[in-house]
């Protein structure tokens, strides 16, 4: 009998697949997986179609189309006063998750320790484990999920290779403050620790706050991979187009893996995105667009039994039900799908130890009528 030793024993389908499948089975409103139920700008689709009709249907350069990389470099300079060379420090990727996988693969060897902040996006830990690395989780607690950097320091060892950041954070919607970033600068000073900064929600920050990119801080920029996503920016998560930024020496290692992973990314989409962003103020429009949705959703949810947690960024709203039930969050999420027809994500799925604070995550990147219909059902809980 043929056997394949598993690199991820005990790992099943992701919680997103599980909940989306349940939502489909029960014809529930799907507020679980993080994708919009509205379309992107028709002009963007026209630009991509034009690129296809012009014959831009063969392989792009391995690092991505120069026009798109140049636009990213200009954006990083305009937003963060950070200079990245488009030829040597920017690579277009098949989405943010591929960029994360590639950066980790380029750097992590067996025995290397990687610090992550939980609840954490569920791609981090499995990738580290597949590479033979050791996950060192720092567990954050609701409602504010604040980081005690002195406690983080206690996780350091001679084997600490990398720290993974995510701000705005999935699933909590929390963001790193300037104080957090300065603490990180101090913590990593005179070390060779790398940083992987997952900034895919960088342009979805609310209430006048500013996104604190590690690109703004030279002491962090010199040791950091930064991951971003056009899917989040353009309401087109299914296109799976993103990018990674890093200093030249780090990007050389990134590209060594990238070229044997995907080699290059969808050419007409890169061309269409480049043309669209050259003529669009999408970067400035995104925060107010999603803040309006967040405010509407929070107002609607205030009529339910749920307790709202803070949401400073991303397009996720977490809620607590601990004050009226001690049911496991996985059971509560399934109960709500089966009995009330609304799908959410149990936040325990974002902890390695499945730590359960009785918190659910809802995605509000939806049409207003979708949100209204969902809450009409949730008020019955």
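The values are calculated or read from the model by the stated rules, or taken from the named source; none is laboratory data. Because the structure is a prediction, the values reported are computed rather than measured. We place every Cβ from the backbone using ideal geometry, glycine too, and count neighbours over all the protein chains shown.
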### Message
Among the residues of segment 361-371, are any touching a strand residue (DSSP E or B) at 6+ places or on another chain (Cβ under 9 Å) and either free of Cβ contacts under 8 Å to residues at least 40 places away in the same chain or surrounded by fewer than 21 Cβ atoms within 10 Å (Cβ to Cβ) (or both)?
### Response
yes
### Task
Test residue 325 against the criterion of being in contact (Cβ under 8 Å) with a residue 24 or more places away in the chain and not in a helix (DSSP H, G or I), and give yes or no.
yes
### Task
Within segment 193-220, count every residue that is part of a loop (DSSP other than H, G, I, E, B) and either in contact with a helix residue (DSSP H, G or I) (Cβ under 6 Å, 6 or more places away or on another chain) or in contact (Cβ under 8 Å) with a residue 12 or more places away in the chain (or both).
14
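Going by the conditions given, is residue 184 without any contact (Cβ under 8 Å) to a residue 40 or more places away in the chain and more than 20 Å from residue 122 (Cα to Cα)?
On the way: without any contact (Cβ under 8 Å) to a residue 40 or more places away in the chain: yes; more than 20 Å from residue 122 (Cα to Cα): yes.
Yes, satisfied.
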#### Entry: Selection from segment 332-357 of residues that are more than 22 Å from the chain's Cα centre (by Cα), touching a residue at least 12 places away in the same chain (Cβ under 8 Å) and closer than 30 Å to residue 139 by Cα
332, 334, 336, 337, 342
#### Entry: Whichever residue in segment 44-80 is touching a strand residue (DSSP E or B) at 6+ places or on another chain (Cβ under 9 Å) and assigned to a helix (DSSP H, G or I) and, among such residues, is surrounded by the most Cβ atoms within 10 Å (Cβ to Cβ)
68
### Query
Which of (1) assigned to a helix (DSSP H, G or I); (2) assigned by TED's automatic domain parsing to the domain that holds residue 222; (3) surrounded by 21 or more Cβ atoms within 10 Å (Cβ to Cβ) does residue 19 not meet, given it meets every other one?
(2)
### Query
Does segment 35-43 include one or more residues that are touching a residue at least 24 places away in the same chain (Cβ under 8 Å), within 25 Å of residue 127 (Cβ to Cβ) and either surrounded by fewer than 14 Cβ atoms within 10 Å (Cβ to Cβ) or in contact with a strand residue (DSSP E or B) (Cβ under 8 Å, 6 or more places away or on another chain) (or both)?
yes
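Between 112, 87, 122, which is modelled with pLDDT under 95 and either in the same structural domain as residue 246 (by TED's automatic domain parsing) or closer than 25 Å to residue 176 by Cα (or both)?
122
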